[in-house]
Structure formats: structure tokens, C-alpha cells
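The structure appears right after this line, and notes come after that.
The values are calculated or read from the model by the stated rules, or taken from the named source; none is laboratory data. Here the structure is a predicted model, which is why all the values come from computation and not from measurement. Every residue, glycine as well, gets a Cβ built from its backbone with ideal geometry; the counts of neighbours run over all protein chains shown. Note: areas computed on protein heavy atoms with side chains; ligands, DNA, RNA excluded. Shrake-Rupley method; radii C 1.70, N 1.55, O 1.52, S 1.80 Å.
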Amino acid sequence: MAEAKEIKPTGKVYGADSVPQIVRGKRLQWEEAQNCWVILYPEGMIKLNNSSAEIMRRIDGTRSVAEIISDLKRAFPGVELDNDVYAFMEVAHEQQWIRPKPAQ
Amino acid sequence: MSNSGYVPNLPNKPLWLLAELTYACPLQCPYCSNPLEFAKYKNELSTDDWKRVLREARKMGAAQLGFSGGEPLVRQDLEELIAEARQLGFYTNLITSGLGMDEKRIKAFKDAGLDHIQVSFQASNEEMNNLIAGTDAFQHKLEMARLVKKYDYEMVLCFVLHRQNIDQIRDVLDLTVKLQADYVELATTQYYGWAYHNREHLLPTREQLQRAEPVAHEFQERLKGKMRIFYVVPDYYEVRPKACMNGWGAVFLTIAPDGTALPCHAARQLPGMEFPNVRQHSVEWIWNQSPDFNRFRGFEWMKEPCRSCPEKEKDFGGCRCQAYMLTGDAANADPVCDKSPHHHVITDVIDRAARIAAGRESVARPILFRNPKNSRALLEAEAKQPETPQPA
Ligand code: SF4
Ligand code: SF4
């Protein structure tokens, strides 16, 4: 299991307006046999914990980080999650799960 | 297998399914790991058989699927199988030489949901490539590599290195830079099947490896962040074996073109096994119940020095096929291990490779290209006089 908190992100790539997308060649899906969400990539599989999965599921290449955060807040009212989401974006970037979409 | 990122503590599931769709192949690579007697297996699984295998394996938790062969593009139902696999939720990999590919097909694969393509090359320049591959395939491959990118796949190129081409490693890497590859695997020849037969021609010398390694590292350093380069030393030059297949019947399931189920694509040659066939059995039975898949599971089957070795959980005693081919007993330690009393068979082969390369000794038999004619000839020869491995 790739634990999000093990890795220290080195830089700050994602702001409120950044639009993250899952990188080419990786795929997020619910894996019944593992009973969790996973990221599939050539010859491998990363199992996601619940909070990582909730964020990853909302990364679709159209929503900005701010929109993802407000969506999460609707789903989990009362939870303070801004910092966690920003931190996750950096970690997921480091892990090469996601990339920011280039500005149009 | 090169970068298996599997979580090691997963329960016992066939996570990785290798579908060898056919033994047919337009190339004749002398380092091919297909069985020498491939010409014997003519009865390929039908489209419906494959679909059932995919469904059953997926239900058991298989997530990764490799289409290989032979050359999987020979199968005209490949598009259909990809679509089925993808719909079932597999991560679908196509492992191909690129022969038989054109833009129309690659587009169809994309539409069917293919996730990933790996194109294999024989060498960096046209002559060497044509020599090694035994056919005029090179220009076409370059074209295919470009098409892969055009259809928004990562460009993943695999070069199989051996004594005849390893000195061109710089040319190989220059070519991959020119092609703007994303990932390059400098695969070392694995000595099974045809490659084992041709080993005296293929095993690089220690000096060659000492020259090649810094070049690989130089490119790795230079291309950091742009292109990933995977380079491994051939296991013959190691003192510990590879954790072959992550253990027998642990994560890998290979289905051969005729439906034979194998814990590893080289296992077909092991004696005393009657590997089950998906035509007669469910994938579930094969994986969980069949005697052959249980044969080398766990550690009970081990002999010394593995049995009492603290490293056995790390490498599972290495490769059963290599143990069989080189020591005559599949339950022995892989002789790559320097704790094995048979380790000298490896060092002997290495020493002989050096003498051959220096022109002091000559190879025992000419290089044999992998094609149906040679395969049939070997079968006929074997019918007269069975070829068994020489116990060391
Ligand atoms: S190694 Fe060469 S001959 Fe063997 S299946 Fe692959 S492309 Fe064909
Ligand atoms: S003795 Fe066997 S288990 Fe120990 S390191 Fe060697 S091959 Fe592995």
C-alpha cells in the first residue's frame, strides 16, 4: 500500500485554480477483490485508503482543486479538509499519479 | 515483471494474467523464451475460450493482463479480446514486436480500451536488427513506435540485450532518445527455450557488462525526469537468484496458446508435471486445487541449502526452471545462488563465454533461429533421442 503520508512533497505545484488530471497510462478503479479503490498502472497496483480514494475519484481533468474541495465538503459536512487536499495533491504529483492540466 | 509494484502482503490471488494468444510470430529471435517444441501446439484457444478465461481470472482478482505470444497481433480477434478484458476491468497490456500493426489497428485497440503497449526491438541499427530478428522489420518498428505516441500511449520500448548487441548499448539509447521514448527497458536475455539453446551465442561476457553498465547509468542520470531507463544485470552474473514470478503460484498465471495453464511461461519444460488446461478445468480449480500449481508453493518442497536459509522468503529459492535446466532437479536451489553446490555450472558457462568471445574456443552448434521449421526439426530429433538436461 502506498501510504500517502510516508512521502514528503518537495514543492508546491497545485493552487486553488489548478486542474489536476490522472496521468496517461494510470487508471483509477474500484477493485472488488481488494475491497478498495486502486490505481492501476503497467504491471502494478496501488491500493488507496479511503480519504485518498475520495479525493482521487474527484480528479477528472475538469474540476479545479477548489471545486474538488467544495465537493468534498458537501459530501463530508463539517470536516476541515483544505490542507489535507492540498497536501494530497503534492504527494500524488510526486508519485506521478496526477499532473496539473496546462492552462488553456 | 521488471517493475512489479505489487503489495507483497496481498492474499494469494492470480493478480497477473499472461495470455499467450499464439505461438505464431513473423520474427525468429534466437533469444525467444518460447518452448523449443512450440510447433507441436497447434490447437489454439478460440475467442470464446479466451473470454471465459478472462472472466474467470478476473473474478478471482486478476487485475493485470498481458497479451503476448508469439506475436499477439497475429490473432485477428485481438481487438475483441481487448474490449472484453477492458470491460471486465483488467488493466490491459499489449506486448508486441509491432509486426502486424498499422494505424487502423492501433486505433481499434485504443477504441477497445487498451491501456498500454510495449514494443520490443532487437537492436539499434538496421543490419544488426535484421540479423537478430531474421527479417526486415526495423523501419516498420520505428514507425510503430511513433504511432504509439500519436495515439496517446506512453512509448515503452524493450531491447533484449545479449552478447551480439550489448556493445551497441549507446546506439540503442541514442535511438530511444531520438524517438522520445518514455520508458526503456534494457532487458537481459532470459535463458529459457530458444535462448537456452542458443546460450553460448548470447551470454554476454563480464567485460561487456562492465562496459555497458556505466553507459546505462550515464543515460539514466542525463535523462532523469524525461525518460525512465530500466537496466538489470543478467542473473548469471549475480550471486543471488531472482525472486522468480514472486514465488510459484503466488501472483502470476500464464495461459499458453493451447490453453495450458502455467505458473510461469517457461515452466512447460518441467518433468513430472501435467499442467492443467483451461479446456478441462476452471481457472479457480487450476489456481487453488491443481497439484502442479501447489507443487512449489510455500517452502515445504525446498531442499538444502534453501530449506534452512534465512533468505528463502526473499527469493523463494529462485527459478524452478533454471534449477531444473542447470541441475536436473527443479527442487534444487537456483544455481545462480552462490550457496548452491551447483553454482559452478553458472561460473563455468561464464568462463566459457569469455573464451568463446576471445576466440579461444568455438561454439558447439550454430545459432538456431526460432521458427516452425527448426522447431519441427528439433521435435524429430528428440523423437529419436530425447534431450535431457545434464545434471551437473
Ligand atoms: S521473442 Fe521474437 S520470435 Fe519470440 S515471440 Fe517474441 S518476437 Fe517472436
Ligand atoms: S540458498 Fe536458496 S533461499 Fe537461500 S539465497 Fe540461495 S537460492 Fe535463496
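Things to note:
- Test result for residue B:114, more than 20 Å from the chain's Cα centre (by Cα), within 14 Å of chain A (Cβ to nearest Cβ) and without any contact (Cβ under 8 Å) to a residue 40 or more places away in the chain: yes
- Residue within the stretch B:325-345 that is closer than 30 Å to residue B:25 by Cα, open to solvent by less than 40 Å² (accessible area, probe 1.4 Å) and free of Cβ contacts under 8 Å to residues at least 60 places away in the same chain present: no
- Among the criteria (1) away from ligand 1 (no atom under 16 Å from the Cβ); (2) farther than 17 Å from residue B:253 by Cα; (3) of a type in the set (Val, Ile, Thr), the one residue B:74 does not fulfil is (1).
- Of the helices (runs of 4 or more DSSP H) lying entirely inside the stretch B:282-392, those containing at least 1 residues that are within 12 Å of ligand 2 (Cβ to nearest atom) are B:312-315, B:320-327, B:343-357.
- Filtered residues of the stretch A:35-47 (kept if farther than 23 Å from residue B:228 by Cβ and either at pLDDT 95 or above or facing chain B (nearest Cβ under 7 Å) (or both)): A:37
- Put simply, of B:284, B:304 the only residue that is more than 16 Å from ligand 1 (Cβ to nearest atom) and within 14 Å of chain A (Cβ to nearest Cβ) is B:284.
- Per this entry, residue B:253 is counted among residues that are open to solvent by less than 20 Å² (accessible area, probe 1.4 Å) and closer than 16 Å to residue B:16 by Cα.
- Residue among B:114, B:88, B:99 that alone is in contact with a helix residue (DSSP H, G or I) (Cβ under 6 Å, 6 or more places away or on another chain) and farther than 17 Å from residue A:24 by Cα: B:88
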